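The values are calculated or read from the model by the stated rules, or taken from the named source; none is laboratory data. Here the structure is a predicted model, which is why all the values come from computation and not from measurement. Note that we place each Cβ from the backbone using ideal geometry, even for glycine, and neighbour counts take in every protein chain shown. Note: areas computed on protein heavy atoms with side chains; ligands, DNA, RNA excluded. Shrake-Rupley method; radii C 1.70, N 1.55, O 1.52, S 1.80 Å.
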2 protein chains.
Amino acid sequence: MQISGAADLFQHHASLRSGSSNQYAETGAGARACAPARTYCRRMRAQDLAEDFPVVTIDSDALAAARLLAEHRLPGIVVTDKSGKPCAVLPASQVVRFIVPRYVQDDPSLAGVLNESMADRAADRLGGKTVREVLPEKLDKLPAAHADDTIVEVAAQMARLHLPLIAVVKDGALLGVITASRLLAAALTH
Amino acid sequence: MQISGAADLFQHHASLRSGSSNQYAETGAGARACAPARTYCRRMRAQDLAEDFPVVTIDSDALAAARLLAEHRLPGIVVTDKSGKPCAVLPASQVVRFIVPRYVQDDPSLAGVLNESMADRAADRLGGKTVREVLPEKLDKLPAAHADDTIVEVAAQMARLHLPLIAVVKDGALLGVITASRLLAAALTH
């Protein structure tokens, strides 16, 4: 997945695997070719489903990160540290939180009584801030799939954590990302 | 958004508004035209952001619903009753749950010990079932935005409930759907 623009801000994760040719090639994933075509490969693992995906570093501009997600209609973004090690997964529903004033997050009933000029400053609220500054105060342990997890293991974790995407790691390094729709497509292909 | 195929199974929500011409026209939304271009319209409400979106009825085929989501990379689907009244919002992360055997949902550690032939039957698991049969047993009250909710109200609700999309209702009827990325795009447009 090639994301144009904002190249100075965002790292585009380069797949560690290349040149693979298989039924998922159109999505840019590095799945191993396998047959038969009517059921998904019995040996398919998380690493075979992991796709290239735009990631943001934790010190990126928060407004640019939100725009990246909005413009490309992404289900979420993976946040990495400076070394490229994934440290958070931000679903789109949580990026949306960036535009909600803190006091409304604490008491949603206040949203209705915001005057319009205050509501209008949603974009300004992110200006000059980094992703680190707008992340939830308490970050859960990075929800990640291991490279050799099965489809059902990934699905169970995704469902339990209500995540639209999950990072796939191997030895602490990011292999790629699996989105919920990608997982479904793989599981239901026949 | 025109979804081809499966027309017998899925209702494509017809917008109640038509002919509008504005900055969001390319997404099929019925937002009112408003200026200036550098900030989003101060009077923008949920009904202005609501987009046409594929919905499934609660008695639709569950496998076809999952395929619809996978093929079109949707962030989720809205489930309606026979009369078209929305009754549930299913994020993609919860549709993924459909392919996880019940006993693994109850005890995720069992996913790792599934033998491969059991894991392979994920697609078969949905065969012949309806959406109603695979919905979570306890459905929360439909998380919906009201037509006149502000962007910040919708964002606060979306973030609080961790939803990638939200139904917009007026007098109990579905006006359309707002996705998280759509909301961000509207809030950050300038």
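When A:S117 is tested against (1) facing chain B (nearest Cβ under 10 Å); (2) more than 14 Å from the chain's Cα centre (by Cα); (3) modelled with pLDDT of 80 or more, just one condition goes unmet, and that condition is (3). Scanning segment A:153-170 for residues that are in a helix (DSSP H, G or I) and in contact with a Gly (Cβ under 9 Å, 6 or more places away or on another chain) returns a single hit, A:E153. The residues of segment B:139-158 that are open to solvent by 10 Å² or more (accessible area, probe 1.4 Å) and under 19 Å from B:A92 (Cβ atoms), listed by number, are B:L139, B:D140, B:L142, B:P143, B:A144, B:Q157.
Just so you know, in segment A:163-183 the residues that are touching a residue at least 24 places away in the same chain (Cβ under 8 Å) and on the phi > 0 side of the Ramachandran plot include one that is most open to solvent (accessible area, probe 1.4 Å), and it is A:G172.
Residue by residue, here is whether (1) crowded, with 22+ Cβ neighbours inside 10 Å; (2) in contact with a His (Cβ under 8 Å, 6 or more places away or on another chain); (3) part of a loop (DSSP other than H, G, I, E, B) holds:
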site: B:A70; (1), (2), (3): yes, no, no
site: B:L74; (1), (2), (3): yes, no, yes
site: B:V79; (1), (2), (3): yes, no, no
site: B:K82; (1), (2), (3): no, no, yes
site: B:C87; (1), (2), (3): no, no, no
site: B:Q94; (1), (2), (3): no, yes, no
site: B:S109; (1), (2), (3): no, no, no
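Across segment A:152-181, which residue is nearest to the chain's Cα centre (by Cα) among those that are of a type in the set (D, E, K, R) and facing chain B (nearest Cβ under 8 Å)? Filtering first and then ranking leaves A:R160.
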